[in-house]
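Step one of this worksheet: look at the structure below.
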Amino acid sequence: SLTVGQFLMVPGGTKPYQPRVVYAYSGPIPASAARGTGHFGWPVSGRITQKFWSHHLGIDIGAPQGTPIYAADSGYIVTAGWSTVGYGFMILINHGNGYVTRYGHLSSFNVEVGDSVKKGALIGRVGSTGNSTGPHLHFEIIQGSANRNPFSFLPGR
């Protein structure tokens, strides 16, 4: 019989998934932090699987699991971790010029809150975490408090 506090081993069992906490910074951007130019680059190569519209405030770029994701512009990492609102693992970069970019559904990330990143720096990898139906990057450009259509800012492909 089992007793309270006794260790129980279940062959082939797995621990329940414990997502990492989102770490966020809301203070002023340090003077030494990288600043964005407002000229964004594509964060990942892949196929557009969902466009921007009133009920989808970014674009989805389908790519194989683990595909590298790059900073679309220079900036300061203000959030890196698990999102409780469906983005799964996500990163927010404050570009210090009124723009913030969001990268959602990552499998992993290579940055921490407080890191300064240059445009094109590896920040994470494509995944399918959170509310997702397959590996892709959900990418948003936020100006002030308004989401903008990323196609208006990204170069042609």
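The values are calculated or read from the model by the stated rules, or taken from the named source; none is laboratory data. All values derive from a computational prediction rather than experimental measurement. Every residue, glycine as well, gets a Cβ built from its backbone with ideal geometry; the counts of neighbours run over all protein chains shown.
So how many residues does the stretch 41-56 have that are more than 25 Å from K118 (Cβ to Cβ), touching a residue at least 24 places away in the same chain (Cβ under 8 Å) and either aromatic (F, W, Y) or not in a strand (DSSP E or B) (or both)?
Of the residues in that region, 2 qualify.
In the stretch 60-89, which residues are surrounded by 21 or more Cβ atoms within 10 Å (Cβ to Cβ) and not small (G, A, S)?
D60, I61, I69, D73, Y76, I77, Y87, F89, listed by residue number.
Just the residues that are at pLDDT 70 or above and surrounded by 10 or more Cβ atoms within 10 Å (Cβ to Cβ), please, taken from the stretch 1-27.
A24, Y25 - these are the residues of the stretch 1-27 that are at pLDDT 70 or above and surrounded by 10 or more Cβ atoms within 10 Å (Cβ to Cβ).
Out of (1) at pLDDT below 95; (2) closer than 20 Å to P68 by Cα; (3) among the polar types (S, T, N, Q), what's the single condition that is false for N110?
(1)
Search the stretch 105-146 for residues being assigned to a strand (DSSP E or B) and touching an Asp or Glu at 6+ places or on another chain (Cβ under 6 Å), and hand back the single one that is surrounded by the most Cβ atoms within 10 Å (Cβ to Cβ).
Ranking the candidates gives H136 first.
Here is a list: T101, T133, T129, T79. Which entry is free of Cβ contacts under 8 Å to residues at least 24 places away in the same chain and of a type in the set (S, T, N, Q)?
Exactly one residue qualifies, and that residue is T133.
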